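Notes follow once the structure below has been shown.
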Ligand code: SAH
């Protein structure tokens, strides 16, 4: 029997921001091939084999060709493969390319949508992506140049009325701000940068086009982050969700389902699991330390 590949969106980070179908596909999977931005908390309950193909910026751990081949190879072994991607698989995740390759190779696949950081990441910092008073459209743009040197149409982008959201743009933040100003945007246009949105270490700063690069440097904010340009940013202070355990990252013993997990998450903490040690019989003899000296009779021990 042929296998099957599900291109699954893991959502922006918080492990509970997963669709019901995504959760089921993960629980049914034989293999999960996952990216760097996927929260490890999602992985803890899974029985499947887990393969990390995460890529750091500038450092491709596993090439896209290798990922494509891995998916095909696993599916041809008859396995149910989940290709787990951050956010939505078809928003800048190269999910489209993976789908095309699977199609060419005649491997059956589906897409399970996810909540994209491009929308939910803003909300997590108190920014609604549209608002009747401020923006009636939004534009999600890659800040990462293609290897062929293709440039963005800055004049067009700068003249959009709606909210601009740049993904993969931190390496180009200065250039983005400069191009927007050069093409007619006021340097006082509000800008926010949100790093690790919905993860325990979420941080955000607010400034304007003229000052954002300096503010980001001062606060040591880096990738992965969303760059948001537009007047909706002014709502950030008013709408920023404040919960008592916000900003705390807690580790608790793995249990599924876990009441403790739900209670802590509801108070704003970000919770990850650690697996309790399981009892494993030793396959070798330990010396009897109590008797001291050498030559004492070895005892069989079990590690607790
Ligand atoms: N498919 C993903 C985007 C993948 S591109 C989605 O729909 O969200 C990777 C870029 O997404 C990062 O460089 C960063 O700009 C953004 N990103 C993804 N998750 C993020 C998060 N939790 N916080 C901030 N930015 C994030």
DSSP beta bridges in the stretch 4-115 [antiparallel fraction, %, rounded to 5]:
10 percent
Using every pair of alpha-carbon atoms in the chain, split the distances into 20 Å bins beginning at 0 and state the percent of pairs per bin, rounded to integers.
29, 49, 18, 4, 0
Please work out the FRET efficiency for the pair residue 251 and residue 159, using the Cβ-Cβ distance as r and a Förster radius of 51 Å; give the result to the nearest 0.05.
0.60
If you fit an axis through the alpha-carbon atoms of helix 64-76 and take the longest principal axis of the Cα set of the chain, what angle between them do you get, 0 to 90°, nearest 10?
50 degrees
For 115, 176, 51, order by how many other beta-carbon atoms lie within 10 Å, fewest first:
51, 115, 176
Helix-only [θ]222 nm of the chain, DSSP H runs n ≥ 4, -39500 (n - 2.57) each, per residue, nearest 500
-6500 deg cm²/dmol
Estimated distance in nm for a label pair at residue 61 and residue 286, the labels positioned 7 Å out from Cα along Cα-to-Cβ
3.4 nm
Enter the angle in degrees (range 0 to 90, nearest 10) between the Cα long axis of helix 95-104 and the first principal axis of the Cα atoms of the chain, meaning the one along which they spread out most.
70 degrees
Fraction of antiparallel bridges per DSSP, the stretch 135-205 only, in percent to nearest 5:
40 percent
Between 0 and 90 degrees, rounded to the nearest ten: what's the tilt of helix 173-182 against the longest Cα principal axis of the chain?
10 degrees
Within 10 Å of each residue's Cβ, count the other Cβ atoms and sort 198, 163, 130 from fewest upward.
130, 198, 163
Would you please put 99-107, 119-127, 229-237 in order of how densely packed they are, using the mean number of other Cβ atoms within 10 angstrom per residue and starting with the highest?
119-127, 229-237, 99-107
Between the stretch 75-105 and the stretch 168-209, the alpha-carbon center distance in angstrom:
30 Å
Classified through the alpha carbon gyration tensor (a ≥ b ≥ c as square roots of its eigenvalues; rounded if a/c is under 1.5, else prolate when a/b is larger than b/c, else oblate), the stretch 4-115 comes out rounded
Could you list 85, 275, 79, 23 in order of exposure, starting from the residue whose Cβ has the fewest other Cβ atoms within 10 Å?
275, 23, 79, 85
State the antiparallel share, in %, of DSSP beta bridges confined to the stretch 118-239, rounding to the nearest 5.
75 percent
So what is the relative contact order of the chain, in percent, for Cα pairs below 8 Å that sit 6 or more residues apart?
16 percent
Taking a ≥ b ≥ c as the square roots of the eigenvalues of the Cα gyration tensor, with a/c under 1.5 meaning rounded and otherwise prolate when a/b exceeds b/c and oblate if not, the stretch 118-239 is rounded
Once normalised by the length of the stretch 118-239, the mean sequence separation of its alpha carbon contacts under 8 Å that are 6 or more apart gives a contact order in percent of 33 percent
Go through 255-268, 32-45, 180-193 and give me the packing order, highest mean Cβ count within 10 Å leading.
32-45, 180-193, 255-268
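None of the figures in this text is laboratory data; all of them are computed from the coordinates on show. Here the structure is a predicted model, which is why all the values come from computation and not from measurement. Glycine gets a Cβ as well: all are built from the backbone with ideal geometry, and neighbour counts include every protein chain shown.
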